[in-house]
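S.K.: Structure in structure tokens, see below.
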Amino acid sequence: MGQSHSLLGCRINDEVDDGRPLISLGRGRLAGDCHPLEWVVTNGRGGFALGAVAGPMTRRYHGLLTVATRPPVGRRRVVAAIDEVVHLSDARYELAAHRWADDTVAPTGDALLESFVLKDGAPRWRYAVADVLLDKRVWMEHGEDTTYCEYRVVRAEQPLRLSLSVLVGDRDFHSTMRAGDQVPRVTEHAEGVAVAVEGPDPLWISALGADIEVDPVWYRGFRLVAESGRGLDDLDDNVRVASLAKTLSEGETWTVTLTRGPRAAGGVGASERACKRVEGLLHAAGSPSDPRIAALVLAADQFIVTRSATTGDSGASVIAGYPWFGDWGRDTMIALPGLSLATGRPEVSAAVVRTFARYVDGGMIPNRFPDDDQSPEYNTFDATLWYVEAIAAHVESTGELSLAEALMPTLLAIFEAHMVGTRHGIGVDHSDGLLRGGEPGMQLTWMDAKVGDWVVTPRIGKPVEINALWINACRSLEALLVRLGQDARAVTAAAEHAEAGFSRFWNPARGFLFDVLDGPDGDDAALRPNQIFAVSLRHGALDSARQRAVVDVVQRELYTPLGLRSLGRTEPGYIGRYEGGPRERDGAYHQGTAWTWLLGPFARAHFRVHGDRARARSFLEPVLEQLHTHGVGSLPEIADGDPPHQARGCPAQAWSVAEVLAAWVGLLHQ
């Protein structure tokens, strides 16, 4: 890459600046309470490893191996941690750090942490132990339920003894565990141990040359402080299943392999495979010269996953966010162009839309695939309209019509279902051509927070972004039909009718668009960011003066450095901080909380109105600083609407990464 950056592309100790994406946090950043900083690596199946950069496990989702039993869902957190101890002569140095039920931290190995690096998307730690420097690296095998933990002695005057205690808690990843909930059966094998707990597939722990001790012991009362802040159960227990030890000299490397299912090959060639894959991803994306964008390319890859079908076939999907989201139809289709087309991987886009075509029912794609065995949920107003946009974006990017031709029967079924009406009252109002929908107790738009029976933002009626998407979908479908030489007259008529009806959204009293028309209580004039899509989408119905008015009010009242506020600060019901228990957080979710993904549509809309490419990109610059905080190497889901706009929610969110990346890349080439 042709340039460096204060956060990326830098050197650390003996790391070589080879131009690859690299984020560095030195001792100054790691001192004190840096536990909120998190890292994540993934395996393309819905599995992941996740943890705090320099501290105790703080979430129930933290662990070195979480696997998807029905990719990409059915996830189980299998391995919680590895506790390392360095033995030098008669001294022992514990590298782990755990917070306990009484709020004490012991051991305090984070004090020995010299630096943290995210290189090629993989986390690396350097510990300074007396006169020894020891590196640790974690990554996953793509396409397998395997995590590698590699230890390398960088400097040592004499051999050292490294011992590792493996902590296991094989449970649903949304839950916590209590000692005695399981009775692990631990047996030795030639390279380590096998641990059988739940299901037919054991956990294989392999470490060549290790001295092995099997003596299961429960560790009780891990305190998960992030769960405390979320008002959830914050205590967890894990069992130490075995200890592994080996003597190492300067320059030696030792790799521990954690595998659920078929045994891996002991890490042979794993590092080289991971390196080659990173090279391929960056090459496909055009080898970005800006290392921040290169980092986003690698972050984008983390969300693309295999989806297993009930028929036994396999397809592709998108995880909405790590650690707790699955693959959601809405998030998938919004994120897809940024994750695939902006990164030079159109085959991913094609695979995902083909996969979702299998699940179209009543002219709708699913909103969510539950982690359990329940059927897909179709409670969405907009996911299907974003699906049409994803297909149109693929065709525009590639110039190929084969995908559109293959999926045209599905697209026409979607159009016809919306014209005559489908689930949840969704259908065209033939009096004005606008799309209406919703019913009491249902949350159907992207503003979908619900607590018990309380739908925080029901938005029943004709939401503004739904109708912007409907017009866009009709015009996109019309263009595809024309290119394929098929009859587009019905779609054209629907588009023209909706465009005429869209004029009803203009609110002259406030100088911007209504958020919802024809709701149970009339028209909703609240200032929300949903109107930005009437400008950002490729096909719209606003004249230039009204486009400018929308962009300017959104910039003035809703823009923050980390996202657009979901409600104006002076509007009734505005909540500026996303914190508290589930009810408080969900109550704030779309009532002022800033959403990072909306920066992409805003930047595109700003450029359309003002024509200043550099200024439009300047609205994206601040959020790129988030690559070194919160979820290191990725972008957050949300942030507080009030200053200082603390990042919140998922530390790694698909549509945040995708929309910032897509807007940045698009503004480079427009």
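The values are calculated or read from the model by the stated rules, or taken from the named source; none is laboratory data. Bear in mind the structure is a predicted one, so any value in this text is a computation, not a measurement. Using ideal geometry, Cβ is built from the backbone for each residue, glycine included, and neighbour counts are taken over all protein chains shown. Just the protein is used for accessible areas: all its heavy atoms, side chains included, with ligands, DNA and RNA removed. Shrake-Rupley method; radii C 1.70, N 1.55, O 1.52, S 1.80 Å.
S.K.: How large a share of the accessible area of the chain, in percent, is made up of carbon and sulfur atoms when the probe is 1.4 Å and the other protein chains stay in place?
M.R.: C and S fraction of accessible area: 49 percent.
S.K.: Students often check this: by mean Cβ neighbours within 10 Å, which of 393-404, 436-447 ranks highest, and how do the rest follow?
M.R.: 436-447, 393-404
S.K.: What residues qualify as long-range amide H neighbours of Gly261, i.e. H under 5 Å apart, gap of 5 or more or another chain, H built at 1.01 Å from N?
M.R.: For Gly261, whose amide H was placed from the backbone, the distant partners under 5 Å are Trp204.
S.K.: Rule-of-thumb check for the range 291-386: C-alpha Rg over 2.2 N^0.38 Å?
M.R.: 1.06
S.K.: State the three equivalent ellipsoid semi-axes of the range 505-632, derived from the C-alpha gyration tensor as the square roots of 5 times its eigenvalues, in descending order and whole Å.
M.R.: 24, 22, 10
S.K.: Right, here's the next one. Highest first, please rank the peptides 624-632, 467-475 by the mean number of other Cβ atoms sitting within 10 Å of their residues.
M.R.: Highest-to-lowest ranking by the protection proxy: 467-475, 624-632.
S.K.: Just how large is the dipole of the range 225-360 about the Cα centre, in debye to the nearest 20, putting +1 at every Lys and Arg Cβ and -1 at every Asp and Glu Cβ?
M.R.: With only Lys, Arg, Asp and Glu charged at Cβ, the dipole is about 480 debye.
S.K.: At a Förster radius of 56 Å, what calculated FRET efficiency corresponds to the Cβ-Cβ distance of Glu405 and Glu252, to the nearest 0.05?
M.R.: It comes out at approximately 0.45.
S.K.: If the only charges are +1 at each Lys and Arg Cβ and -1 at each Asp and Glu Cβ, what is the size of the charge dipole of the range 75-131 around the Cα centre, to the nearest 20 debye?
M.R.: With Lys and Arg at +1 and Asp and Glu at -1, about 480 debye.
S.K.: Work out the length of the dipole vector of the chain about its Cα centre, built from +1 on the beta-carbon of each Lys and Arg and -1 on the beta-carbon of each Asp and Glu, and round it to the nearest 20 debye.
M.R.: 900
S.K.: What is the calculated FRET efficiency for Ala490 to Arg70, with r their C-beta to C-beta distance and R₀ = 41 Å, to the nearest 0.05?
M.R.: E between Ala490 and Arg70, to the nearest 0.05, is 0.55.
S.K.: Tell me the volume per residue, in Å³, of the convex hull enclosing the alpha carbons of the range 189-241.
M.R.: For the range 189-241, the hull spanned by Cα atoms encloses 117 Å³ per residue.
S.K.: Radius of gyration and Dmax for the chain's Cα atoms, expressed in Å?
M.R.: 25.6, 85
S.K.: Additional query: Output ³J(HN,Hα) for the range 629-644: one whole-Hz value per residue in order, computed from phi by the Karplus curve 6.51 cos²θ - 1.76 cosθ + 1.60 with θ = phi - 60°, and x for Gly and Pro.
M.R.: Rounded to whole hertz, the list is 8, 6, x, 4, x, 9, 10, x, 6, 8, 8, 4, x, 8, x, x.
S.K.: Suppose the chain between Ser314 and Glu571 were pulled fully straight at 0.36 nm per residue; how much longer would it get relative to their current alpha carbon spacing?
M.R.: Full extension of this stretch gives 87.9 nm more.
S.K.: Name the long-range amide H neighbours of Arg307: under 5 Å, sequence gap of 5 or more, or other chain; modelled H, no Pro or chain starts.
M.R.: Distant-sequence amide H within range of Arg307: Gly315, Ala316, Ser317.
S.K.: Calculate one ³J(HN,Hα) per residue across the range 524-532 by plugging θ = phi - 60° into the Karplus curve 6.51 cos²θ - 1.76 cosθ + 1.60, and present them in order as whole Hz with x for glycine and proline.
M.R.: 9, 9, 4, 7, 10, x, 4, 5, 5
S.K.: Hey, another quick one. Just in the range 495-565: which trypsin sites (Lys or Arg not before Pro) are loop by DSSP and have at most 16 other Cβ atoms within 10 Å?
M.R.: Arg510, Arg538
S.K.: Hey, which lysines would be in cross-link range of Lys450, C-alpha to C-alpha under 20 Å, not counting anything within fewer than 8 residues on its own chain?
M.R.: Lys462
S.K.: What are the equivalent ellipsoid semi-axes of the range 151-203, built from the alpha-carbon gyration tensor (square roots of five times its eigenvalues), in whole angstrom, biggest first?
M.R.: 31, 15, 10
S.K.: Now for a different question. With a 1.4 Å probe and every protein chain left in place, work out the accessible area per residue of the chain in Å², rounded to a whole number.
M.R.: Ligands and nucleic acids excluded, the figure is 35 Å² per residue.
S.K.: What trypsin sites (Lys or Arg not before Pro) does the range 152-197 have in DSSP loop regions with at most 15 other beta carbons within 10 Å?
M.R.: Answer by residue number: Arg178.
S.K.: Given H placed on each backbone N at 1.01 Å, which residues far from Thr457 in sequence or on other chains put an amide H within less than 5 Å of it?
M.R.: Residues meeting the criterion, in which the H sits 1.01 Å from N, are Ala449.
S.K.: Further question: For the chain, what is the calculated [θ] at 222 nm in deg cm²/dmol (nearest 500), taking -39500 (n - 2.57) for each run of four or more DSSP H residues and dividing by its residue count?
M.R.: Value at 222 nm, helices only: -8500 deg cm²/dmol.
S.K.: Under 11 Å from a label point 7 Å along Cα→Cβ of Leu232: give me every residue in the range 574-600 with its amide N that close.
M.R.: Residues 582 qualify, since their backbone N sits under 11 Å from the label point.
S.K.: What does the charge count around Arg510 come to, taking other residues whose C-beta lies under 14 Å from its C-beta (Lys +1, Arg +1, Asp -1, Glu -1)?
M.R.: The answer is -3.
S.K.: Moving on to the next point. What are the ³J(HN,Hα) values, in whole Hz, obtained from phi via the Karplus relation 6.51 cos²θ - 1.76 cosθ + 1.60 with θ = phi - 60°, for each residue of the range 161-176 in sequence order, with x given for Gly and Pro?
M.R.: My calculation for the range 161-176 gives 10, 10, 10, 10, 9, 9, 9, 10, x, 7, 8, 4, 6, 8, 9, 10 Hz in order.
S.K.: Could you work out the relative contact order of the chain? I mean the mean sequence separation of Cα pairs under 8 Å and 6+ apart, divided by the number of residues, in percent.
M.R.: Once divided by the residue count of the chain, the mean separation gives 11 percent.
S.K.: Would you mind getting me the FRET efficiency between Ala130 and Ala196? Use the beta-carbon distance for r and R0 = 35 Å, nearest 0.05.
M.R.: With R0 = 35 Å, the Cβ-Cβ based efficiency is 0.35.
S.K.: Obtain the radius of gyration and the Kirkwood radius of the range 546-599 from its C-alpha atoms and give Rg over Rh.
M.R.: Reported Rg/Rh (Cα atoms, Kirkwood Rh): 1.03.
S.K.: Same structure again: Work out, step by step, the length gained on full extension between Asp453 and Glu188: first 0.36 nm times the residue separation, then minus their alpha carbon distance; give nm to one decimal.
M.R.: 90.3 nm
S.K.: If you don't mind, another one. Under a cut-off of 26 Å between alpha-carbon atoms, report the lysines in cross-link reach of Lys276, not counting same-chain residues fewer than 8 places apart.
M.R.: Partners found: Lys119, Lys136.
S.K.: Stretch Arg155-Arg29 to full length: gain in nm at 0.36 nm per residue minus the Cα-Cα span?
M.R.: Residue separation times 0.36 nm, minus the Cα-Cα distance, leaves 43.1 nm.
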